[in-house]
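First up is the structure itself, then whatever we jot down about it.
The values are calculated or read from the model by the stated rules, or taken from the named source; none is laboratory data. All values reported here derive from a predicted model rather than from experimental measurement. Heads up, the Cβs are rebuilt from the backbone with ideal geometry, glycines too, and the neighbour counts pull from every protein chain shown. The accessibility values were calculated without ligands, DNA or RNA, using every heavy atom of the protein model including side chains. Shrake-Rupley method; radii C 1.70, N 1.55, O 1.52, S 1.80 Å.
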Amino acid sequence: MAELKLSESRDLTRVERIGAHSHIRGLGLDSALEPRAVSEGMVGQAPARKAAGVILQMIKEGKIAGRAVLLAGQPGTGKTAIAMGMAKSLGQETPFAMMAGSELFSLEMSKTEALMQAFRKAIGVRIKEETEVIEGEVVEVQIDRPAVSGAAAKTGKLTMKTTEMETVYDLGAKMIEALGKEKVQSGDVIAIDKVSGKITKLGRSFARSRDYDAVGPQTKFVQCPDGELQKRKEVVHCVTLHEIDVINSRTQGFLALFTGDTGEIRAEVREQIDTKVAEWREEGKAEIVPGVLFIDEVHMLDIECFSFLNRALENEMAPILVVATNRGITTIRGTNYKSPHGIPIDLLDRLLIITTQPYTEEEIRKILDIRSQEEDVEMSEDAKVLLTKIGVETSLRYAIHLITSAALSCQKRKGKIVEMEDISRVYQLFLDIKRSTQYLMEYQSQYMFNEMPREKGEDEETTPMNF
């Protein structure tokens with residue numbers, strides 16, 4: 001008899017990718033908005049973090065809307081990190097939309113439509129509605145399964161109680177399925193929405209806390225509800241204006257939210273939605289939550305986009321705009337005029353400007369320590385000193401890139417801790433921008449389409465970059 005071969009089953013754990021800013025947990029400020037030296041993944045940039053904290057506090061209190069902030073500084077000084085810290089500190093309730101300046105130049109929709117969609121993604125609507133819920137502790141779940149499968153539908157009884165009363169409910173097939181999905185058992189405190197039939201598990205009852213010797217860290221213990229089982233509760237839904245736009249723009253708009261194929265949304269649809277939201281606000285059914293729109297590499301926008309931003313910021317339902325750039329005095333795209341940061345003067349006048357400073361050697365060392373910890377790389381003290389020196393002489397980003405490369409080099413020689421020899425090896429393998437430029441200067445004549453720098457006195461159209 002042939003043996004049955006069972007296919008091996010493996011637990012698929014969630015893969016967490018380590019990004020450039022995955023170590024950022026917040027702005028690292030205390031309750032008085034004073035920046036801590038090293039906190040929540042943030043290092044240094046104390047004045048910039050404090051300024052961002054003040055803006056954040058005003059956003060949380062709903063005191064500002066339609067304002068704009070510019071984060072300006074050299075490359076690799078933590079502008080995007082500050083914006084990420086602001087996003088993490090705001091929490092789930094306040095919308096935070098993030099985009100790069102170059103994302104607008106898509107072939108599918110106009111630049112102003114893409115900007116308008118980004119603006120509306122950053123405006124939240126908190127909709128309140130009253131609903132009837134059954135809330136209590138589950139005493140017993142009794143499900144009667146038919147002897148022959150498919151012969152009859154499953155039936156069952158659910159016994160629920162509060163501190164004052166106890167009731168038995170008859171269950172239909174849908175409710176039995178919902179209880180099974182939520183893995184509801186006796187001792188759980190649950191809430192059932194009477195209209196939709198949605199079951200929400202609130203936690204385990206304190207009275208049943210001794211049922212098991214050990215419970216997982218995610219188990220939450222709550223008190224048994226008091227009063228009647230049936231209650232009227234106010235439920236709050238948080239959605240963005242963009243989500244309402246998409247759902248109402250076409251017949252199957254809800255699916256477009258998941259596919260991302262939103263297309264251009266007509267102005268009439270938006271006007272009707274704005275009118276409806278304004279009505280809800282007057283009736284007290286909804287409130288507007290101005291969020292944050294972060295545009296990185298804002299110098300990539302052209303004059304039409306800047307003109308649109310100027311107008312959009314004057315709208316009563318405008319979010320807080322945070323933009324970042326690493327450019328100095330440069331040409332505004334779409335014109336021949338030069339301006340600070342490549343932004344027109346009239347828009348610059350609206351911006352509160354926060355500057356970031358280059359990191360000191362000590363701060364670079366602390367950042368490299370945090371990144372090593374994030375990437376799960378053990379490094380010797382000498383290797384950290386060498387890596388810090390490389391970071392100071394080349395750039396912080398280059399030094400961060402060497403961490404994982406050095407860890408792979410260490411793995412290859414079957415070592416446990418990254419040593420100086422691993423750092424030296426990857427430093428020789430991968431060039432930084434200074435050494436790469438030097439190499440290009442030496443062998444420029446052997447490259448295709450090379451243009452040697454002209455001698456002084458000749459007509460120079462382009463100026464070589466300095467490193």
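Observations on the structure shown:
- Residue selected from the stretch 46-91 under the condition of a type in the set (Lys, Arg) and over 13 Å from the mean Cα position of the chain (by Cα), by the criterion modelled with the lowest pLDDT: 63
- Residue selected from the stretch 256-308 under the condition farther than 30 Å from residue 85 by Cα, small (Gly, Ala, Ser) and not in a helix (DSSP H, G or I), by the criterion modelled with the highest pLDDT: 284
- Test: residue in the stretch 409-425 that is of a type in the set (D, E, K, R), touching a strand residue (DSSP E or B) at 6+ places or on another chain (Cβ under 7 Å) and either open to solvent by less than 10 Å² (accessible area, probe 1.4 Å) or closer than 19 Å to residue 18 by Cβ (or both): no
- Matching residues, the stretch 376-415, being assigned to a helix (DSSP H, G or I) and among the hydroxyl-bearing types (Ser, Thr, Tyr): 388, 398, 404, 405, 409
- Among the residues making up the stretch 31-59, a single one is over 15 Å from residue 357 (Cα atoms), open to solvent by less than 30 Å² (accessible area, probe 1.4 Å), assigned to a helix (DSSP H, G or I) and of a type outside the set (A, V, I, L, M, F, W, C): 53.
- The set of residues in the stretch 67-78 being within 26 Å of residue 123 (Cβ to Cβ) and open to solvent by less than 20 Å² (accessible area, probe 1.4 Å) consists of 68, 69, 70, 71, 72.
- Test: residue in the stretch 8-20 that is modelled with pLDDT under 85, farther than 30 Å from residue 287 by Cβ and open to solvent by less than 70 Å² (accessible area, probe 1.4 Å): yes
- From the list 357, 373, the one residue that fits, being outside any helix (DSSP H, G or I) and either open to solvent by 90 Å² or more (accessible area, probe 1.4 Å) or modelled with pLDDT under 90 (or both), is 357.
- If only residues of the stretch 311-354 that are touching a His at 6+ places or on another chain (Cβ under 9 Å) and assigned to a loop (DSSP other than H, G, I, E, B) are counted, the one that is most open to solvent (accessible area, probe 1.4 Å) is 327.
- Strands (runs of 3 or more DSSP E) lying entirely in the stretch 76-165 (those with 3 or more residues that are within 28 Å of residue 263 (Cα to Cα)): 96-100, 123-144
- Filter result for residue 365 (in contact (Cβ under 8 Å) with a residue 60 or more places away in the chain and assigned to a helix (DSSP H, G or I)): no
Okay, residues lined up against (1) closer than 30 Å to residue 60 by Cα; (2) within 22 Å of the chain's Cα centre (by Cα):
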{"position": "230", "(1), (2)": "no, no"}
{"position": "233", "(1), (2)": "yes, no"}
{"position": "250", "(1), (2)": "no, no"}
{"position": "285", "(1), (2)": "yes, no"}
{"position": "288", "(1), (2)": "yes, yes"}
{"position": "291", "(1), (2)": "yes, yes"}
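- Matching residues in the stretch 376-394 - criterion: being surrounded by 20 or more Cβ atoms within 10 Å (Cβ to Cβ) and either of a type in the set (Ser, Thr, Tyr) or in contact with a Cys (Cβ under 7 Å, 6 or more places away or on another chain) (or both): 388
- Residue that is farthest from the chain's Cα centre (by Cα), among those in the stretch 92-108 that are among the small types (Gly, Ala, Ser) and at pLDDT 75 or above: 102
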